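The values are calculated or read from the model by the stated rules, or taken from the named source; none is laboratory data. Computed from a prediction, not measured in an experiment: that's the story for all the values here. With ideal geometry, Cβ positions are generated from the backbone for all residues, glycine too; neighbour counts draw on all protein chains shown. Keep in mind that these areas ignore ligands, DNA and RNA; they rest on the heavy atoms of the full protein, side chains included. Shrake-Rupley method; radii C 1.70, N 1.55, O 1.52, S 1.80 Å.
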Amino acid sequence: MRTQFSPLWRRVVPTAVVGAVVAAALTGASGAAQAGVPVYHRAAAAIPDRVSDLLARMSLDDKLGQMTQVDRSVLTPADLTTYRIGSVLSGGGSAPTSNTAQAWADMYDGYQRAALATPLGIPMIYGVDAVHGHNNVRGATIFPHNIGLGATRDPALVQRIGRAVAEEVSGTGIDWNFAPCLCVARNDRWGRTYESFGEVPELASAMASYIPGLQGGSLADSGSVLATAKHYLGDGGTTNGTDQGDTQLSEQELRAIHLPPFQEAVRRGVGSVMVSFSSWNGAKVHGSQYLITTLLKGELGFGGIVVSDWAGIDQLDGQTGASGSDVRTAINAGIDVVMVPYEYKAFLATLRAEVLANRISMARIDDANRRILTKKFELGLFERPYTDRSYTATVGSAAHRELARQAVRESQVLLKNDNGVLPLDKGARKLFVAGKSANDIGNQSGGWTISWQGSSGAITPGTTILQGIQQSVSTSTAVTYNRTGTGIDASYDAAIAVVGETPYAEGQGDRPGGLGLDQEDIATLNRLQASGVPLVVVLVSGRPLDIAAQLSNWDALVAAWLPGTEGGGVADVLFGAYRPTGKLPSTWMRQASQQPINSGDGKASLFPYGYGLSY
């Protein structure tokens, strides 16, 4: 997945043998040509042998640096070298000033050069939350969020999406993706519901096909990146759907509902697992040796990297910042890489003090480093440390956008279609389009798009749903658009209202009160309904909404979820170019007070799990 050979061993190998070793590495030569070269720099050596050789050469500072992950916004290349930082990340919205694929690749290579300047030349690894495409990068292909992919019931498609995302991520240098989210969302009040493939473990497990899409047949394959199963464990089951809340379940229930997707991820060879902010029966998962070491690493046999969530260990003692108690509890619980993400100098000093005081054993430090270094060797970072620029042009490519459009088509769920109003006639005389999300890439993409929480507006290139409609109809069809529905009358053949939620992410997306449409949407829908023309509602949202009171006024309802940049896929279904095949990944409530409502709980739903009409 990387390119540009670099003599990382220059600091530890005599200059006289450099030329011979370069030739050996490039040609696969061995024996005398590699005499004197450290085992860890021998590409043909077995990875466990390379890891052991390197580990024996590392100082304590080298090892602690490998366990430290820092956000790019506070890390200079010079500090990366000085503090031996092993991992860099971009949090949501943390991007180079020129937010282009080329600028990302240049930034990555700059950090990598700094890593290679350390005494042992250990390459760094860079992580991002590319959770529905390479969503931090302007111009990247934005795929439907996971709730929409769950509606497709198409694991093969999801694997193809994983591959496309891996290529776009690789084209910017990045080698570690904090995806897929394998949480099982059980309460739609939760602001991360759209990051879940659905409410049952079987669906999330099936969609773990995303992992081989990202990682390829081997991490050493061209265009492969390290995948992350998150958030371990139970974050979709918190009481009241509270983000970072408490999952109050017996161990039997936890294992039955929330563990199976992670079991499947481990079976598929996932390279890393991210720990959840949430608690299990009052105890923070970041400090749970039972869940992380006994269950995940022991019982499930996970041999990869366990990474914390953003400053996740800071919450363990209830005080601000990462205290000694936080650090030793988390590391001893089994966390290998700590997403600090800002106060890395203080974190390193604290971690060092805990080790020197024997409150964290060197065996635990070495186990963490062995896991980290193994993945770096498997990724081929020691041989190919820099961005593979052959993938840079795939960012936002036509082929990837077409794949995303197919995903949008398959994710549409037709919930109501009275009198066969859908599919609409491409040759209709006059159509009216309204709604705040009809012509808004930001709204249809949702959170985790360019910025952490996402935002409304033309935040990245793409096709809005309105543009998709305009491109679908005949040249003789007049399409009128007004956001609020002003101007409609009985002369139109049909009205299409594209309404729903505006972007949000974790925390800000929690809805402990109502789950209904906002006043702008209701006013828009009332104007359209008053005209008397057939009304088609396209709901753009990250979860089922409380719409039962309005549903009788609509002739058709399509759940479009958060489709991303390819709004043409929505129009393809509206006009019958692709018949709807999507099935509900979550039970649709009759009213918000029913939350949590899930398949098999005996509550009367508006639409059951798995529901979906077609033409």
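Assorted remarks:
- When LEU226, LEU249 are checked against the criterion of being modelled with pLDDT of 95 or more, of a type in the set (A, V, I, L, M) and open to solvent by less than 10 Å² (accessible area, probe 1.4 Å), a single residue qualifies: LEU226.
- Residues of the range 283-314 that are touching a His at 6+ places or on another chain (Cβ under 9 Å) and aliphatic (A, V, I, L, M): VAL285, ILE292, ILE313.
- Residues in the range 511-526 that are of a type in the set (A, V, I, L, M) and either closer than 16 Å to GLY191 by Cα or buried (at least 21 other Cβ atoms within 10 Å of the Cβ) (or both): LEU515, LEU517, LEU525.
- Hits in the range 492-506 - residues which are open to solvent by 40 Å² or more (accessible area, probe 1.4 Å) and either modelled with pLDDT under 95 or farther than 23 Å from LEU557 by Cβ (or both): none
- Helices (runs of 4 or more DSSP H) contained in the range 210-328 and holding at least 3 residues of a type in the set (D, E, K, R) and over 20 Å from ALA156 (Cα atoms): 251-257
- Flag if ALA363 is open to solvent by less than 30 Å² (accessible area, probe 1.4 Å), on the phi < 0 side of the Ramachandran plot, among the aliphatic types (A, V, I, L, M) and modelled with pLDDT of 95 or more: no
- Verdict on SER541 being modelled with pLDDT of 95 or more, among the polar types (S, T, N, Q), over 22 Å from the mean Cα position of the chain (by Cα) and buried (at least 19 other Cβ atoms within 10 Å of the Cβ): no
- Listed by first and then second residue, the pairs with beta-carbon distance under 8 Å, at least 6 apart or on different chains, first residue in the range 376-390 and closer than 18 Å to LEU55 by Cα, second assigned to a helix (DSSP H, G or I) and among the basic types (Lys, Arg), are PHE377/ARG50; PHE382/ARG50; PHE382/LYS376.
- Condition met for ARG2 (of a type outside the set (A, V, I, L, M, F, W, C), surrounded by 22 or more Cβ atoms within 10 Å (Cβ to Cβ) and at pLDDT below 95): yes
- Filter pass, ASP314 being at pLDDT 95 or above, in contact with a Lys or Arg (Cβ under 9 Å, 6 or more places away or on another chain), crowded, with 18+ Cβ neighbours inside 10 Å and of a type outside the set (Phe, Trp, Tyr): no
- Residue check, THR581 within 29 Å of VAL131 (Cα to Cα), touching a Pro at 6+ places or on another chain (Cβ under 8 Å) and hydroxyl-bearing (Ser, Thr, Tyr): no
- Test: residue in the range 394-406 that is at positive phi, under 20 Å from the mean Cα position of the chain (by Cα) and in contact (Cβ under 8 Å) with a residue 40 or more places away in the chain: yes
- Test: residue in the range 184-205 that is under 16 Å from ARG153 (Cα atoms), surrounded by fewer than 24 Cβ atoms within 10 Å (Cβ to Cβ) and either at pLDDT below 95 or of a type in the set (Ser, Thr, Tyr) (or both): yes
- Any hit, the range 56-74, residues being over 19 Å from the mean Cα position of the chain (by Cα) and free of Cβ contacts under 8 Å to residues at least 12 places away in the same chain: yes
- Beta carbons closer than 6 Å, at least 6 apart along the sequence or on distinct chains, pair a first residue in the range 554-572 that is over 17 Å from ASP440 (Cα atoms) with a second that is outside any loop (DSSP other than H, G, I, E, B) and open to solvent by 10 Å² or more (accessible area, probe 1.4 Å) for ASP555/ASP418; ALA556/LYS416; ALA556/ASN417; LEU557/LYS416; ASP572/ARG409.
- Selection within the range 411-440: residues that are touching a residue at least 60 places away in the same chain (Cβ under 8 Å) and closer than 15 Å to GLU501 by Cβ. The member of this set that is surrounded by the fewest Cβ atoms within 10 Å (Cβ to Cβ) is LYS436.
- Those residues of the range 418-445 which are under 33 Å from the mean Cα position of the chain (by Cα), of a type outside the set (A, V, I, L, M) and not in a loop (DSSP other than H, G, I, E, B), in sequence order: GLY442, ASN443, GLN444, SER445
- Remark: pairs (first residue in the range 212-239, farther than 30 Å from PRO512 by Cβ and touching a residue at least 40 places away in the same chain (Cβ under 8 Å); second residue surrounded by fewer than 24 Cβ atoms within 10 Å (Cβ to Cβ) and among the aromatic types (Phe, Trp, Tyr); Cβ separation under 7 Å; 6+ apart in sequence or on different chains) = GLY223/TYR391.
- Hits in the range 168-192 - residues which are touching a Phe, Trp or Tyr at 6+ places or on another chain (Cβ under 9 Å) and over 18 Å from PRO144 (Cβ atoms): SER170, GLY171, THR172, GLY173, ILE174, ASP175, TRP176, VAL184
- Qualifying residue in the range 104-122 (condition: more than 18 Å from GLY213 (Cβ to Cβ), of a type in the set (Phe, Trp, Tyr) and open to solvent by 10 Å² or more (accessible area, probe 1.4 Å)): yes
- Residue selected from the range 129-169 under the condition free of Cβ contacts under 8 Å to residues at least 60 places away in the same chain and open to solvent by 10 Å² or more (accessible area, probe 1.4 Å), by the criterion farthest from ARG389 (Cα to Cα): PRO155
- The single condition among (1) open to solvent by 40 Å² or more (accessible area, probe 1.4 Å); (2) closer than 21 Å to THR392 by Cβ; (3) polar (S, T, N, Q) that ASN99 does not meet is (1).
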